[in-house]
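Take a look at the structure set out below.
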Amino acid sequence: MKYYCNPLNVEYRYQFNKNREDGSLQINREAADPSMILFKGKYYIFASMTLGVYVSDDMVKWEYHRLPTNLPLYDYAPDVRVIGDYVYFSASRRSENCDFYRTKDVINGPYEEFKGTFPFWDPHLFEEDGRIYFYWGCSNVTPIYGVELDPDDMTPIGEPKELIFGDNKIRGFERFGENHAASTDEDEIDSKVQQMIKRLGTKEEDLSPEQLTMLRAYMSNDPYIEGPWMNKHNGKYYLQYACPGTEFNIYADGVYVSDDPLGPFEPAANNPFSYKPGGFIPGAGHGSTMEDKHGNLWHTATMRISMNHDFERRLGIWPAGFDKDGELFCDQRFGDWPLKVEQGKMEPFADPEWYLLSYGKKASASSFVEGNEPENAVDENVQTWWRAVTADPGEWLEVDLGKAYDVRAIQVNFADDKLEIDLPEGAQFQGEIFSQRYIDDAAQTTRWSLMGSLDGDEYFMIEDKSEVDTDLPHDLIVREEGIQVRYLKLTVYNLPYNQPACVSGLRVFGIGDGEKPAVPEFVAERISDLDMDVQIKGGGAVGYNILWGHQEDKLYHSYMVFGTEQRIGALVRGQDYYVRVDAFNESGITKGKTVKLNSV
């Protein structure tokens, strides 16, 4: 059997982002806005700011390949779609016309170019019966647009149609901010407007009333409606979109449904269909939905770190599907735990086979920087990490599970912390004026070893990657038959740019021999049209999954928490909901009872 664990373990390119105001650099790794396709028996993921493409035979092991340089690789949100014998490619450039490309050989090309006739952001192509439809949009002011294109020259046929607008007064999941709690204070918005005017190098009196109105709208906390993707199922068209902002834990994908590829569209009852606000790494927005070789549906999307830069992001993939009523769903209950990928038809809502063993366990290290203690590597939070004092080979991190466990998988997550690196020689910044960057495609290495012990004295090797030439920052080690381990010791020999050892998660999964948690008791109260509070009273649990949905048998939304209180702000005004809380520990999962949420 084959397994993977989100975030995807692929090579994420380092980029040097130039601050327009003072010229300083922000350095981070990024891949986002993934388009995933199946073409000629292989899977391909195109993602923003990678300069390349990830290729796989099985959706588990991905290899990075550099793309031909005639493609606009510094443009955001690359869209790819299989149409006939070709893969079509386009990407975003708001200030000038964007071109289209197609090829029969993704890695080597050549890519035939179609000169663009209009600018767009977050593009997406959809083909049916020889007709091509095009969707685009990325704004908190304008909607998602759609238009038919002439397949001979990729020019529009007719005028674009406005298809999806945001409305954060009706759809709670479209509200800005961490857990949908961004400020709407007018003075704060005024301050952001003045900062932007300064960045533009102009004065307020030099802007027209219309320009000021538009600028104020952009600086508001209205949701970004972006990243369209289309699927067809049983005669219905499912137009997916991302909201409200990529830097938040609640970045999500919603969906509208129509009988026609150009609408009119109505929001689906199950919204957002892709939503992962909790767990080790959150975020599940701006993605794509694809059927694999065996008829299984998968959704891939953007996951959030956003510590070194707002756009410090990763990729995730989750099982998806259409239920008996044609509702699009995505299973993200345990969305960053090891997932088994079967080479055949799969059950999208299968429970995990292995459970989290490392949360809150005792951790120690060879050295640490104040504020980056070793326990940060076991707190299930990608935004905190252990950092060693030096970059010397041999700095180590150890986790004590408290007793010997049947360990089946370990995920090693490396982090970056305030990198201070000189711009590589010959680097040239590219991109539009507010997003000037240089992406470094020089080879990097991440070298380490992982040892295990039952007593803390005698150790055995679990995985030795001390001499590899790859840079995989989210490595997963699988021991499907299980190994008995209490202590796990990670020794770091080299990280990119010779930075100090830095680990956001040394995550251990397996099977405990204790009792499962008790059935959790909880109170869920709808406190507004868009919000509910959940308070949990349970026993013997490591954490909980709060599940909710618009029907008792459709609890498709989830929020993994490690505490006992959580406000959830993703409700839709006027829609009824049902809620359940499941508990989990090292030995298993206990499902709770479903209750109907009160009205307000």
Checklist outcome for this item: If we keep only residues of the stretch 91-109 that are more than 21 Å from the chain's Cα centre (by Cα) and not in a loop (DSSP other than H, G, I, E, B), then the residue farthest from ASP153 (Cα to Cα) is ARG93
Next on the checklist: Which pairs turn up if I take residues in the stretch 186-215 that are among the hydrophobic types (A, V, I, L, M, F, W, C) and look for partners that are modelled with pLDDT of 80 or more and not in a loop (DSSP other than H, G, I, E, B) with beta carbon separation below 6 Å, at least 6 apart in sequence or on another chain?
Outcome noted: ILE197/GLU204; LEU215/VAL193
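Pull up the stretch 540-551, narrow it to residues that are modelled with pLDDT of 95 or more and open to solvent by 20 Å² or more (accessible area, probe 1.4 Å), then point me to the one that is farthest from ALA252 (Cα to Cα).
We begin by selecting, within the stretch 540-551, every residue modelled with pLDDT of 95 or more; these are 541-551.
Checking the rest, the ones that are also open to solvent by 20 Å² or more (accessible area, probe 1.4 Å) come to 541-542, 550-551.
Working: ALA541: 28, VAL542: 26, HIS550: 17, GLN551: 20 Å.
Among residues in the stretch 540-551 that are modelled with pLDDT of 95 or more and open to solvent by 20 Å² or more (accessible area, probe 1.4 Å), the one farthest from ALA252 (Cα to Cα) is ALA541.
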Next on the checklist: Give me the residue from the stretch 389-432 that is polar (S, T, N, Q) and at pLDDT 95 or above and, out of that set, most open to solvent (accessible area, probe 1.4 Å).
Outcome noted: THR390
Checklist entry - Of all residues in the stretch 53-75, which are open to solvent by 20 Å² or more (accessible area, probe 1.4 Å) and in a strand (DSSP E or B)? => result GLU63, TYR64, HIS65, ARG66
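Residue-by-condition table, conditions (1) in a loop (DSSP other than H, G, I, E, B); (2) within 30 Å of GLU63 (Cβ to Cβ); (3) open to solvent by 10 Å² or more (accessible area, probe 1.4 Å); (4) free of Cβ contacts under 8 Å to residues at least 24 places away in the same chain:
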site: GLY456; (1), (2), (3), (4): yes, no, yes, no
site: VAL468; (1), (2), (3), (4): yes, yes, yes, yes
site: VAL508; (1), (2), (3), (4): no, yes, no, no
site: GLU515; (1), (2), (3), (4): yes, no, yes, no
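For the stretch 150-176, which residues satisfy the criterion of being surrounded by fewer than 20 Cβ atoms within 10 Å (Cβ to Cβ) and assigned to a strand (DSSP E or B)? Spell out the reasoning first.
Keep residues of the stretch 150-176 that are surrounded by fewer than 20 Cβ atoms within 10 Å (Cβ to Cβ), which gives 150-153, 155-162, 165, 167, 169-170.
The answer is PRO156, ILE157, GLY158, GLU159, PRO160, LYS161, GLU162.
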Checklist entry - If only one of LYS537, LYS554, LYS596 is surrounded by fewer than 19 Cβ atoms within 10 Å (Cβ to Cβ), over 17 Å from ALA269 (Cβ atoms) and either touching a residue at least 60 places away in the same chain (Cβ under 8 Å) or among the charged types (D, E, K, R) (or both), which one is it? => result LYS537
Checklist outcome for this item: For the stretch 140-169 the number of residues that are touching a Gly at 6+ places or on another chain (Cβ under 9 Å) and either basic (Lys, Arg) or at pLDDT below 95 (or both) is 2
Next on the checklist: With the structure loaded, tell me whether LEU472 is buried (at least 16 other Cβ atoms within 10 Å of the Cβ), within 22 Å of PRO338 (Cβ to Cβ) and hydrophobic (A, V, I, L, M, F, W, C) or whether it fails that test.
Outcome noted: yes
Item to check | Boolean, GLY321 is under 20 Å from ILE546 (Cβ atoms), in contact with a strand residue (DSSP E or B) (Cβ under 8 Å, 6 or more places away or on another chain), of a type in the set (Gly, Ala, Ser) and in a strand (DSSP E or B) | outcome: no
Checklist entry - So which residues in the stretch 11-52 are surrounded by fewer than 24 Cβ atoms within 10 Å (Cβ to Cβ) and among the aliphatic types (A, V, I, L, M)? => result LEU25, ILE27, ILE37, LEU38, LEU51
Checklist entry - What is the number of the single condition among (1) part of a strand (DSSP E or B); (2) open to solvent by 20 Å² or more (accessible area, probe 1.4 Å); (3) small (Gly, Ala, Ser) that ALA217 does not meet? => result (1)
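The values are calculated or read from the model by the stated rules, or taken from the named source; none is laboratory data. Quick caveat: nothing in here was measured; it's all calculated off a predicted structure. Note: ideal-geometry Cβ built from the backbone for every residue, glycine included; neighbour counts use all protein chains shown. Calculation scope for accessible area: heavy atoms of the full protein, side chains included, ligands and nucleic acids excluded. Shrake-Rupley method; radii C 1.70, N 1.55, O 1.52, S 1.80 Å.
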